[in-house]
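Worksheet: the structure to be examined is printed underneath.
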Amino acid sequence: MGSGNITIDEAALVAQAMAGNMAAVEKLILKYQDRIYNTILKLCGNDADAAELAQDSFVKAIQGLKDFRAQSSFYTWLFRIAVNNTLNFCKKSSRLNFESLHREVDEETGSQLKDYLVDGNSLEPSELAAKKEVSSLILKALEKLDPQQRAVVVLRDIEQMSYNEIAETLDIEIGTVKSRIARGRKNLRDIIEAVIS
Amino acid sequence: MKDIEQLEELLNSYIDGELDERKSNEVKRLIDNDKNARLAFESLHRCRKLLGSLRPSAAPEGFCESVTRDLERNILLADTEVYQHSKKGKRRLIYRHFITAAAMIALVAALSYVVLDIFVPKSARQKFADNVLNRKPKPQVLFEQPFAQAPEQDIVVAAPKGPSVPLVAKLTLITDSPVEADWLIGKALMNTALFDKTSAVDRKTGSVKYVLSCDRNSIVSLIGELNFIWPKCSDATLQIGTEQQGKFITINNVSARQTLDICKADNYNHRLRMASDIAMINQIAVTDVLQNYLAKQNADSDFIVPNKPVLTSSEKIEKPLSDNVSEPANFTITIIGKN
């Protein structure tokens, strides 16, 4: 996954992109487009918004390459732009979501999810998450988290970033990352358990 | 509470592999020995695994092309400087905002002025302005400035050109010495060659009436000659005929000068207006509010407003031009002895 140090290949691509080489730009986009899109989707919860925000983030990043000092990896720099862009969007278009999550799961799936979270004697997590209802429930629960907590949880558990990378991406202290991850996961578990109990 | 939060942070860091070896071993021992810690750890671990098992979503098809197309478009626009926010553009934007704000302020001010002008009386506005500017209010004017003192340019009255209506006037003089007055009138008629134009002379006990039919200029000349008679009279009344048969404007306490001015008026409208004004002025002179006020204050008002026209000497009156052609006149002079 992400690396704190810029690799030689990536450095060359970035240098070429900075020189105006559109082929290099395309390679950079293709390399990160899925991860950026996936992260933004988990943060904003809407396909159309995620596509637009991802596109906007790439354009900003490429156009701002002249400001890139290579002190962090291009990957971290790109994610910083994408996450900040998305969090700003969420702040501007914050909607109060009073929609109940109970209708997201049927009884059987709810029971399986409860067994998994409480007893651990159920399906494998991958099997559960493959269920559309469960993935939808988790995304909705993520949406209900505070945006700052949501960002660290997504970057850690979905994008698999290290605490250092998260701190660098969000420009916050490691201690803040730890506390936000702890609170975010606890709140997320509470929300899901409240739905299935 | 803080301990629980710290424990949760430690458990999360342990799950994420973010603890060093020593701390990691401590947490592992805690989990092995403490049932609650173990339950919390397992719950967290399962939740994390579930979240991590979510299927990743791929970017939509043609995403890369959209981004490159967007980039190319932006580069082209930057080249043509259409949408480039240069310093000049920012300055222009600020200038435009400033102009808009100024226009809005001007509009609001104009509307406020109109609303004030409509709904707030002028005196209230003046009072407010005096209060704001801390200046003394102007004394309230109760009466208009007399037209005699008004600046000339304020009274621009075009000479009215009315119809050529004959001058019809009746002058009634009340005197203690009717014989002397009669003699003076006869002398004046002789001097002005109007004796022959006297259509009737009616002499009764205590009164004499002369009826003259001539032109207006001759009457003016006659009044000029008659100014000596006024000091002999205690009262004089002039009646000026109107277009309406038998209707007259009556001027009480008329003076020689006033009579002459009225007769000199070169057209009917002018004559009537002057007669009306003088009648009103003389009436006011009789019942003047200032006179009443001074009377209440036990002050003598005679020196301010005379009760009646008083001539202490003959007035200097311009001689009218006798060769001017003027409208016909019917003038009646009646002398009444006072007894």
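The values are calculated or read from the model by the stated rules, or taken from the named source; none is laboratory data. Computed from a predicted model, the values in this text were never measured in an experiment. Counting neighbours? That spans all protein chains shown, and the Cβs are built from the backbone with ideal geometry, glycine included.
Which residue, of A:Leu123, A:Leu142, is farther than 30 Å from A:Glu168 by Cα and within 11 Å of another protein chain (Cβ to nearest Cβ)? Quick ask: steps written out before the conclusion?
On the way: A:Leu142 fails: farther than 30 Å from A:Glu168 by Cα.
None of the others qualify; the one that does is A:Leu123.
Being modelled with pLDDT under 90 and within 30 Å of B:Lys264 (Cα to Cα) narrows it down to one residue among B:Gln126, B:Gln149; which is it?
On the way: B:Gln126 fails: within 30 Å of B:Lys264 (Cα to Cα).
Just one listed residue meets the conditions, B:Gln149.
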Considering only residues that are in contact with a Phe, Trp or Tyr (Cβ under 6 Å, 6 or more places away or on another chain) and of a type in the set (Asp, Glu), which ones fall in the stretch B:1-27? B:Glu18
Considering every residue within the stretch A:169-184, establish whether at least one is assigned to a helix (DSSP H, G or I), touching a residue at least 40 places away in the same chain (Cβ under 8 Å) and either more than 11 Å from chain B (Cβ to nearest Cβ) or closer than 14 Å to A:Thr86 by Cβ (or both). yes
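Table: residues versus (1) under 17 Å from B:Ile333 (Cβ atoms); (2) surrounded by fewer than 20 Cβ atoms within 10 Å (Cβ to Cβ); (3) touching a Gly at 6+ places or on another chain (Cβ under 9 Å); (4) in the same structural domain as B:Leu171 (by TED's automatic domain parsing).
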| position | (1), (2), (3), (4) |
| --- | --- |
| B:Asn227 | yes, no, no, yes |
| B:Pro231 | yes, yes, no, yes |
| B:Gln245 | no, yes, no, yes |
| B:Gln258 | yes, no, no, yes |
| B:Tyr268 | no, no, yes, yes |
| B:Met280 | no, yes, no, yes |
| B:Ile284 | no, yes, no, yes |
In the set A:Arg80, A:Arg95, which member is farther than 22 Å from B:Glu61 by Cα, modelled with pLDDT of 90 or more and not hydroxyl-bearing (Ser, Thr, Tyr)? A:Arg80
For a quick check of your reading of the model, give me the residue pairs whose first member lies in the stretch B:92-116 and is at negative phi, whose second is among the aliphatic types (A, V, I, L, M) and at pLDDT 95 or above, with beta-carbon atoms closer than 7 Å and at least 6 apart or on different chains. none
Quick one: what pairs do we get from the stretch A:146-168, first residue at the interface with chain B (Cβ under 9 Å from one of its Cβ atoms), second among the β-branched types (Val, Ile, Thr) and buried (at least 20 other Cβ atoms within 10 Å of the Cβ), C-beta under 7 Å, 6+ apart or different chains? A:Val153/A:Ile181; A:Val154/A:Thr39; A:Arg156/A:Ile166; A:Arg156/A:Ile181; A:Ile158/A:Thr39; A:Tyr163/A:Val177
When residues of the stretch B:56-74 are filtered for being at pLDDT below 85 and surrounded by fewer than 13 Cβ atoms within 10 Å (Cβ to Cβ), how many remain? 2
How many residues does the stretch B:7-25 contain that are farther than 15 Å from A:Arg185 by Cβ and surrounded by 13 or more Cβ atoms within 10 Å (Cβ to Cβ)? 3
Members of the stretch B:192-229 that are modelled with pLDDT under 85, touching an Asp or Glu at 6+ places or on another chain (Cβ under 8 Å) and over 19 Å from B:Arg257 (Cβ atoms): none
In the stretch A:54-65, is there at least one residue being at the interface with chain B (Cβ under 9 Å from one of its Cβ atoms), in a helix (DSSP H, G or I) and closer than 25 Å to A:Ser135 by Cα? yes
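Go through the stretch B:232-267 and give me each residue that's in a helix (DSSP H, G or I) and at pLDDT 85 or above. Spell out how you get there, then give the answer.
From the stretch B:232-267, those in a helix (DSSP H, G or I) are B:232, B:256-264; that's our starting set.
B:Ala256, B:Arg257, B:Gln258, B:Thr259, B:Leu260, B:Asp261, B:Ile262, B:Cys263, B:Lys264, listed by residue number.
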The lone exception for B:Val220 - which of (1) within 16 Å of B:Thr172 (Cβ to Cβ); (2) surrounded by 19 or more Cβ atoms within 10 Å (Cβ to Cβ) it fails: (1)
So which helices (runs of 4 or more DSSP H) stay within the stretch B:18-134 end to end and still have 3 or more residues that are within 14 Å of chain A (Cβ to nearest Cβ) and among the charged types (D, E, K, R)? B:35-52, B:63-80
